[in-house]
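The values are calculated or read from the model by the stated rules, or taken from the named source; none is laboratory data. These numbers come from a predicted model, not from an experiment. Don't worry about glycine lacking a Cβ; one is built from the backbone with ideal geometry, like all the others, and counts go over all protein chains shown.
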Amino acid sequence: MLDASAQIEQKGYLEEEIDPSLDLFEEIEKLKKIKNAIILAHYYQEPDIQDVADYIGDSLGLARKAQETQADMIVFAGVHFMAETAKILNPGKKVVLPDLKAGCSLSDSCPPPLFKHFKEQHPDHLVISYINCSAGIKALSDIICTSSNAQKIVESLPKEQKIIFAPDKNLGAYVNKQTGREMLLWNGACMVHEIFSYEKIIRLKERHPEALFIAHPECEDHVLAIADFIGSTTQLLKFTKDHSAQTFIVGTETGILHQMAKNAPEKTFIPAPPDNHCACNDCPHMKLNTLEKLYLCMKNEVPALTMDEDLRLAAKKPIDRMLELSAQLGIQ
Ligand code: 13P
Ligand code: SF4
């Protein structure tokens, strides 16, 4: 949740007009040097933001980068829970987010008071939470995971260990299937990955029999069932670069297509069709960030994340556990 002071701060700076003659790419480069700032961007950001970023990655890569950076200011071009993770790992650094309202439907589907009650009903269960959750949920978890490491983290635990998996029921069901476990799943989901139309993907595959359909594990089970490859955003990107196929139907947020096309300009990438009347499957939260807002947040250093120290320490423990486990398990 956003606190009142942060909302007021954000309102003030968003109203600032930008001189239209400014070259924002140049101005952002200047601000990086003056402020010793690093821009970390998720693959779902708009292409201009990806192009000015110092590091573009998936949630695991971004958390690692946030942990090791020497910059004084982290400019997080992503959504709130990602910037929050950077703040948890870097309490002494300024962490700014272009638009503080960039939330996440998946994170919102798991409110801490309800989850605490659920957890209390299963005291013998260990809690693994997907990183797409609030600091409050992280503080109630034993281990955090991302889509890059979820399966390996679950497999590293004894078979008889009872597990609650939150908040994404689709990723949880996918990991259950891959590992043969029966983790208890919280009933949360991502609005972007639940929107893909099975029927339209089948029809698209028929029109492009040479194309491979690749999907993120946040997609629903019946959509994953027709995928030729399933993986996190980084794994999908690597797959499209390394595989000899020339055409891919991409079942994740469209922002990733920018890096896919940059890595393999000769290949064709078709966004998987959603089950709605418009043709886009953009994340409305991720796309709240714009180059203009990125420039303003770097210049004015607001909105900046703040966090209660007890909450931060409790939320940090399961993230540290994930980072240690990922290093031990050799997860890229
Ligand atoms: P990854 O980039 O970790 O695969 O996560 C996808 C996502 O939905 C981020 O919001
Ligand atoms: Fe959240 Fe889904 Fe958007 Fe990722 S794509 S930020 S999980 S709503």
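One table, with the values for the structure above:
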item	result
Residue, surrounded by the fewest Cβ atoms within 10 Å (Cβ to Cβ), within region 289-332, restricted to residues that are within 20 Å of the chain's Cα centre (by Cα) and among the charged types (D, E, K, R)	Glu324
Members of region 198-217 found to be more than 14 Å from Thr268 (Cα to Cα), in contact with a Gly (Cβ under 8 Å, 6 or more places away or on another chain) and free of Cβ contacts under 8 Å to residues at least 60 places away in the same chain, listed by number	Ala215
Matching residues in region 182-224 - criterion: being over 27 Å from Gly103 (Cα atoms) and either in a strand (DSSP E or B) or within 11 Å of ligand 2 (Cβ to nearest atom) (or both)	Leu212, Phe213
Meets criteria (polar (S, T, N, Q), modelled with pLDDT of 95 or more and within 16 Å of ligand 1 (Cβ to nearest atom)) for Ser107	yes
Lone unmet requirement of (1) at pLDDT below 95; (2) among the hydroxyl-bearing types (Ser, Thr, Tyr); (3) assigned to a helix (DSSP H, G or I) for Ser148	(3)
All helices (runs of 4 or more DSSP H) inside region 225-332 with 3 or more residues being modelled with pLDDT under 95	309-328
Given (1) within 20 Å of Lys317 (Cα to Cα); (2) buried (at least 24 other Cβ atoms within 10 Å of the Cβ), number of the condition Leu106 does not satisfy	(1)
Residue within region 176-190 that is modelled with pLDDT of 95 or more, of a type in the set (A, V, I, L, M, F, W, C) and under 15 Å from Ser147 (Cα atoms) present	yes
Residue list for region 53-72, filter: away from ligand 1 (no atom under 16 Å from the Cβ) and either charged (D, E, K, R) or crowded, with 21+ Cβ neighbours inside 10 Å (or both)	Asp54, Glu68, Asp72
